[in-house]
1. Quote the FRET efficiency, to the nearest 0.05, computed for C:I298 versus C:S603 with a Förster distance R0 of 41 Å and r equal to the Cβ-Cβ distance.
2. Bin width 5 Å, alpha-carbon pairs only: give the P(r) of chain A as whole percents, running from 0 to the bin holding the largest distance.
3. Taking H placed 1.01 Å from N in the peptide plane, check which residues at least 5 places from D:A35 or on another chain put their amide H under 5 Å from its amide H.
4. Quick one: divide the alpha-carbon radius of gyration of the range B:196-252 by 2.2 N^0.38 Å and tell me what you get.
5. Counting Lys +1, Arg +1, Asp -1, Glu -1, what net charge surrounds C:I331 among other residues with beta carbon under 12 Å of its beta carbon?
6. Would you mind calculating the gained length between C:L77 and C:S572 on full extension (0.36 nm times residue separation, minus the Cα-Cα distance), in nm to one decimal?
7. With an 8 Å Cα cut-off and a minimum separation of 6 or more residues, compute the relative contact order for the range B:312-363 in percent.
8. When the helix-only estimate is applied to chain B (DSSP H runs of n ≥ 4, each -39,500 (n - 2.57), divided by the residue count), what is the mean residue ellipticity at 222 nm, nearest 500 deg cm²/dmol?
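All of the numbers you see were taken from the coordinates with simple rules; none came from a lab. This structure is a prediction, so every number in the text was calculated from the model and none was measured. No Cβ is skipped: glycine too gets one built from the backbone with ideal geometry, and neighbour counts run over all protein chains shown.
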Amino acid sequence: MSFEPKILGVLCKWCSYAGADLAGTSRKKYAPNVRVVRVNCTGRVEPTFVLKAFEKGADGVLIAGCHPGDCHYLEGNYKALRRFQLLKKMLAQMGIDDGRVRLEWISASEGERFAVVVNEMTERVRKLGPFAKNGGSNG
Amino acid sequence: MTTETVTPSQEVAEILLQQGGEMLRECYQCGTCTAICPWNQVTTFTIRKLIHKAQMGLVDFEDQEIWRCVGCRLCVDRCPRGVDVPKVIRAIRRVVMDVGAGVVPHALRIADKNLAGVGNPLGEPREKRNDWAKSLDVKTFTKDTEFLYFACCYQCYDSRCRAISRAAVNILKKAKVDFGILGAEQVCCGESLRKAGHESLYQSLARTNIEVFQQAGVKKILVTSPHCLHTFRDEYGEFGGNFEVIHTAQYISTLIEEGRIKPTKRLGKRVTYHDSCCLGRYAGMYDEPRQILQSIPGLELVEMRNTCQYALCCGGCAGRLWQETLKGERFAETRIEQALEIGASVLAVYCPYCMVNFEDSLLSSGKSESLRIADITELVEEAISA
Amino acid sequence: MTKNKAKVGVYICHCGSNIAGVVDVKDVAAYAQGLPSVAAVKDYVYMCSDPGQNIIKEDIKHLGLNRVVVACCSPSLHELTFRRACQEAGLNPYLFQQANIREQCSWVTEDAALATVKAKALVSGAVSRVVHQEPLEKREVEINPNTLVIGGGIAGIQAALEIADGGYKVYLVEKTPSVGGHMAQLDKTFPTLDCSSCILTPKMTQAGSHPNIELMVYSEVEEISGYVGNFKVKVRKKAKYVDEEKCTGCGICQTKCPIRVDSEFDAGIGKRKAIYTPFAQAVPNVPVIVAEECTYFIKGKCRACEKFCEPGAIDFEQKDEIVEIDVGAIIASTGYGVFDPTPMAHYGYGRLDNVITSLEFERLVSSAGPTGGKIQLKDGSTPTSIAIAHCIGSRDEKYHEYCSRVCCMYALKYSHLIKEKTEADVYQMYIDMRCFGKGYEEFYKRLSEEGVKFIRGKVGEVTDRAISDEEKGKLIVLAEDSLLGNVMRVPVDMVILCVALEPQADAENTARKLGISRSADGFYLERHPKLDPVATTTDGVFVAGCCQGPKDIPDTVAQASAAAARALAMISKGKVEVEAATAHIDEERCSGCRICNDLCPFSSITFDEEKKVSRVNDALCKGCGVCVAACPSGIISGRHFTAEQIIAEIEGVLA
Amino acid sequence: MAKLKVAFYWAASCGGCEIAQLEIGEKILKVAEVADIVFWPVAIDAKYKDVEAMADGSIDVCLFNGAIRNSEQEHLAHMLRKKSKVMIAYGSCAYEGGVPGLANMFDRASIFERVYHETPSTNNKHKVFPEPSHKVHEGVLCIPEFNDTVKTLRQTVDVDYIIPGCPPEEKTTWLALTALIEGKLPPKGTVITDNVKAVCDDCPRKRDVKKVKKVYRTYEIITDPEICLLEQGLLCAGVATRGGCGAPCPQANMPCTGCYGPVEGAIDQGAHFISAMASVIDSKDPDEIQKIIDDIHDPVGTVYRYSLPDSLLRRARIQ
């Protein structure tokens, strides 16, 4: 059986969650691998959530929020961006492939794009294979 | 007039964008550039229309008008959309020079051929590149030398301009600056050629120089041409050449300030200074040349109209130096008149292209008696040789 | 209620065949039954219908459920519906969680089996989360019915009058000695050409005498604290050195004062005295003394004004006064500044005598202006040709990228006024004519008929260097007529630069005091560019007029009325609901590191210097959670979005 | 009252904790009055078999320092757990893995390759690496097996209390010992310190709102002694670290490196530090943000200096 990745999606409720809803109302079909958790704002996303997801068996994490300048809370997405960039650097050092975490700006009108991003990410993670939970042989 | 069904040619527009003309999309056709373009003081040159043709992909690559722009940047500073017009023009020219459409003007083709063959636009032999320095006893640059002095092709080969490089060497020696020169393996900096659109040849020249500099262990370069300054400092980085590049305007003013050279000899003349585009609008150096001039005793500095950021180009940038400009259309002529208008007896320059252009126009206008063209380097050399 | 005793009811909606046609709802229900803390699971054809909601209500009452999960459509559709249902059954609405198995599952998944797997995961996430959810109370705050309007131009006057006429108190604060703003400086207004002061003066007087309006001129807002409904504002009333009660407005002081300085009101082309009212119809008609200019203050002698003042209104002992006021809403109508074209040296402003700005021309042409409305050159002669240069500092990325919106129209108005008063030729050098308003295009047509010459091209340069006899003694305007493709040298006597409208020089400072944001161009940022153009990101603060972006008088008045309506709506409701899901700092555990302090976009976090802890003001917090995520001690909790709740959901969906 | 029976053990550690235990100075006499030391490899000659011979639960308290790196340490941890009534993880290594835990950035193979082959002073052409058992003429030689991943004590056995620090400050050690001596033990699982707030609470430096435009390493900048180090661009982990140490490092102009572990209730010290630090980067431009981040040369080593094995990811993934 082929590997079905489990991906956590953390979406801001104002833009990206609404964008995902739009993909639904327009009946866009996309990969079922992303399981979505709704947050107020990408600014609420703690790096801990990403690490926790990996610990709990996720193979990838997709974070999506409003485009720069469109944040409902003015600048939450910029703060998410800063944390994400630093987190990425840390994850790279930990040997975690770049393709397993992704931050995207998806507006409420970009249902199509949401579907594309989910499909792309699913395929990328599928190629990477399952996330090694412990990563060591006897640890 | 004929009516035609216009299909804006997408391919041409695309090629222009690929050739670095992205900025042309920003233009909203207000005509500010045309209104202030110096060409329109002497002839008609609707640069705005050329940009619009580029936007539509309708440029006529055989039209000789595309070679007119001297890249003086006067319009860039005033463009409300910040369009870098010389870059747009360069993209158009690349389509001719690099991609092969249209017609290259004859004179430009000769300079281009010389650059490809012998590494200088004048077609002089490579091995004679350092002849200007004979009898000056200049040491060869080694990796322990602080500065490389790089003389512009004109300062190497042109009889008039050699005086500038020789003056520079004398000043540097007097100030006990640790510098050296490299040999015939160096080639033209390529700055004007790049603006004339021959990107591939420019890149090969640039790579040659970078390799020569790097192999010799060069870190700091002194130049006496602002064209070399511009491309060494602002463009060579793209190809991995990162050097500290200093024009003598900057360096000499520091030497004077630090008292390492002292201009003591009086020059009781009314002098005006012509800002070259490359040292002025490109490098933003307006004060240093004037400071140097004012440090010369007895020298009276007067300003022409259109100075500093509003200065009129001599007409020699972007490959125009190698091409023929009709008498009556030469900016250098206008500039000489402006200098005479304010009673100057010396027109000071700080660029070999300006020097060549002005000397040429002075000769053809028969005013050699009333005005002397001098590079600031030469004036400084005179002033310190007490 | 403790988490250990959580009893969760899970309800799976079929949504007709929308969900059940793809997802195996029975299988999902069976799966939910096995999840921890789940006490009841039901599936139903339409959970959002009345019978559907009743199932939930009955179960809450009879099975003692204390948490509810509905797996159905998107929470943006029915979260409120189900929250209300819970509330009606006596369950706090924040103990409800929705799993979206329609928009994000059945509608988007091809494979039915995989859709069922995903639906289970989403239900698992919701159940896992809801167990950790806590009851929250919606909070309301009382609204103080008084309103502060900052800026007494036409926007501020209009807003103040609307609210005052509605029966509520308004404090109208204006920094100059009179209300009126820029509109008072204008001569005629486009496109109707009615006299600006004729339509403005009655409004100014009304504002000055309205029983509900407390006019505070020559005053500035120093500090604003508090939050929607309850702002505390400190206003500095600058010393006028004139007793308002005694002054009769006779104006003798102004004729006797020996000091003449440039008049701000006349845009520098006229003079005023050191004791002055900006213009004849000023409201209030009480002059002020500028201490920095007054001979008495500088040298200790003179007092000419005092000698001639019969009522004895001059009072050199006056001091600035700080007045504290309480208001429920604030309307910012602080207007605009005018672009100074001096840096564009090629236009010669400041160097060439008859190159003037549009505002200077406005005063020149005004019958109440320094020349009595005579259009004249610096030497007093009448111009025979005038060029009007559009877009100076506007539509220019080196200065202001935006279009100032009013210049094309006032430029047309100038053409008309020039044609009316002189024989001069008029040239308009424009990039695009933007005549978008009601009656504007018609106005353009009318002016074209008046013989104005239109040159399509931006002015490149203005010079006094003649190259022919006809250019001698003239200003030569260089522009390309891009329609002809020719560079034109237009010799004229006067050049009017249509300068940009820009944010007030102190806009940043004012925005900070108000706790509102500015857009990239520096103007105040509205909450939504289309659907909420008068509110700001701070509740209770509204914007009106050019402080939000360049606009003409009709748009300004409309926005002012809209802002007033928003303030009135708040006042008439009396209360305002504030976000319940706010952030909370556990002060017992806060180390006072101050990481969070500057992150809050709504300035709701303050630092208690004494206790060395940070604190969230609930009324300002909008619950975005940016501080919660940043707290390195993890001691800021986002109510309804706690780390515990989100992590529980993450664990749930990944289970 | 019978004297308390106390055991000390060191696993993967540097020995600093042993010294820290003596930091209490003359108070040791007070300890000696009430306690007998039954096992302390660094100071007392006792054999493993002596411990094995003790009855289960016969040791009152075991202070265990060091991380679990190999099978011997794992074995001792289990044995001491069985013999002790109270098991205390003493110091960062036992608590969170500590500095030895940074080895989790590698695996056994790469560590062996480096240590026994690549180091310039090593001549090991045949790549002879340690093996748990090796047959020789005389029989089989055994050494402890080196694990791939460093573990904390809590990941190995049940732990009752934690004394944090690298090494624990004297006052923290004494706080724990007093509780033991007086029999006033806190609830199981408590991390024993006298401050529940982050290090900032102990730090006398002046703090303001934070905006970081550039990050420095300690040698790159002379800091203002009065102002918060983080505000000056140093990666001071004090914001994300449990207090109780008294903030000696920031007071000596050195940024906190986080040895007291996460603040009570925080899930992952490094993740919290990253979030806080990134939040105050003063830029909205991705390129500029990246430029600032580029100056953070070793994020893992900075934010998980003592806690990598105890973090959510526990170790690096080795391809």
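1. Values: r = 41 Å, r/R0 = 1.00.
Efficiency, from the Cβ-Cβ distance: 0.50.
2. Spelled out bin by bin, chain A gives 2, 11, 21, 23, 20, 14, 6, 3, 1, 0 percent.
3. D:L4
4. Values: Rg = 11.4 Å, N = 57, 2.2 N^0.38 = 10.2 Å.
In units of the 2.2 N^0.38 Å rule of thumb, it is 1.11.
5. Details: positive: C:R566; negative: C:E162.
It works out to a net charge of 0.
6. Details: separation 495, 0.36 × 495 = 178.20 nm, distance 2.94 nm.
That pair, C:L77 and C:S572, stretches by 175.3 nm at full extension.
7. Numbers: 37 pairs, mean separation 24.6, N = 52.
Dividing the mean separation by the residue count of the range B:312-363 yields 47 percent.
8. So the calculated ellipticity at 222 nm is -11000 deg cm²/dmol.
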